[in-house]
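Undergrad: Attaching a single structure in structure tokens format; questions to follow.
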Amino acid sequence: MRLNFLNKWLDGPLTLESSCNLIMVEHHPIILEMLEQSKHQLEILLHSGKYHSTLLPQLSRRLFQINKEIGQYIRAEQEHFFPYLKKQSNQESACDEYILNTHLLETMQEKHDLFTKALHQQRKIVNNYMIKKDWDTDLKNYINHLFLLEKKIQSWMELERKKLYPYLIKTTRKHE
């Protein structure tokens, strides 16, 4: 029910400010929490001693990188990008904001590409999240958790592509 509401809301006319608020309330905390859970669950699985020859050691390196990169980026969005965009949404953009908007758009696109590649590599490691019959419940649950995390990250990036990119593209083209 909530997902349907959010999907309808996303298709509607979200302002720049409400888009930033939606991301900060509906995406950032959940992603950060899921990343922390992933790290914690992985540590438990690795320390159990049952999975040293499986995909988990390789996945551990990938997950650490994703966790670090996304955590840093979310903090940058909350502390710098979104306050800046919210301030812009209440006024006409000026010429000096062209450079900042161009930099912000390029940064967002680069980070989204980086996250997409990292998630693709993670997906490759876990064989497209295909669960094997002989895996125990803990490992199956962990792989399922990673799948849900990937979907949440993709949803967050898609929202930014649909609601933030167009504004940044429009403001940068206006001053070219």
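Undergrad: Ranked highest first by average number of other Cβ atoms within 10 Å, how do 27-36, 123-132 line up?
TA: Details: 27-36: 16.1, 123-132: 12.4.
Highest to lowest by the protection proxy: 27-36, 123-132.
Undergrad: Quick one: accessible surface of S155, probe radius 1.4 Å, all protein chains present, in square angstrom to the nearest 10.
TA: 50
Undergrad: Given the pairs K68/K111; K87/K151; K68/K133; K39/K152, which are separated by over 21 angstrom at their Cα positions?
TA: Working: K68/K111 12 Å; K87/K151 30 Å; K68/K133 32 Å; K39/K152 16 Å.
Table pairs above 21 Å Cα-Cα are K87/K151; K68/K133.
Undergrad: With each label point set 7 Å from Cα along the Cα-Cβ vector, what nm distance links A76 and D113?
TA: Each label point is offset 7 Å from its Cα along the Cβ direction, giving 1.4 nm.
Undergrad: Could you pull the Rg and Dmax for the range 19-176, using just the Cα atoms, both in Å?
TA: 18.5, 61
Undergrad: Which of the GluC sites (Glu not before Pro) found in the range 69-166 are in a DSSP loop and have at most 15 neighbouring Cβ atoms, other than their own, within 10 Å?
TA: Details: sites: E69, E77, E79, E92, E97, E106, E110, E150, E158, E160; in loops: E92.
Loop-located and lightly packed - E92.
Undergrad: Where Lys and Arg each count +1 and Asp and Glu each count -1, what net charge lies around M108 among other residues with Cβ under 14 Å from its Cβ?
TA: Numbers: positive: K111, R161, K162, K163; negative: E69, E77, E106, E110, D113, E158, E160.
Charge balance in the 14 Å sphere: -3.
Undergrad: If you don't mind, another one. Please list D136, D113 in order of solvent-accessible area, largest first, computed with a 1.4 Å probe with all protein chains present. Show your work: numbers first, answer last.
TA: Numbers: D136 50, D113 90 Å².
Putting D136, D113 in descending order of accessible area: D113, D136.
Undergrad: Related question: Summarise the accessible area of the range 131-174 (1.4 Å probe, protein heavy atoms) by the percent that is carbon and sulfur.
TA: Values: 1180 of 2360 Å².
Carbon plus sulfur share of accessible area: 50 percent.
Undergrad: If you average the alpha carbon positions of the range 37-61 and of the range 121-152, how far apart do those two centres end up, in angstrom?
TA: Between the Cα centres of the range 37-61 and the range 121-152 lies a distance of 12 Å.
The values are calculated or read from the model by the stated rules, or taken from the named source; none is laboratory data. Please read these numbers as outputs of a predicted model, since none were measured by experiment. So basically every Cβ, Gly included, is an ideal-geometry build from the backbone, and we count neighbours across all protein chains shown. These area figures cover heavy atoms from the full protein model, side chains too; ligands, DNA and RNA do not enter into them. Shrake-Rupley method; radii C 1.70, N 1.55, O 1.52, S 1.80 Å.
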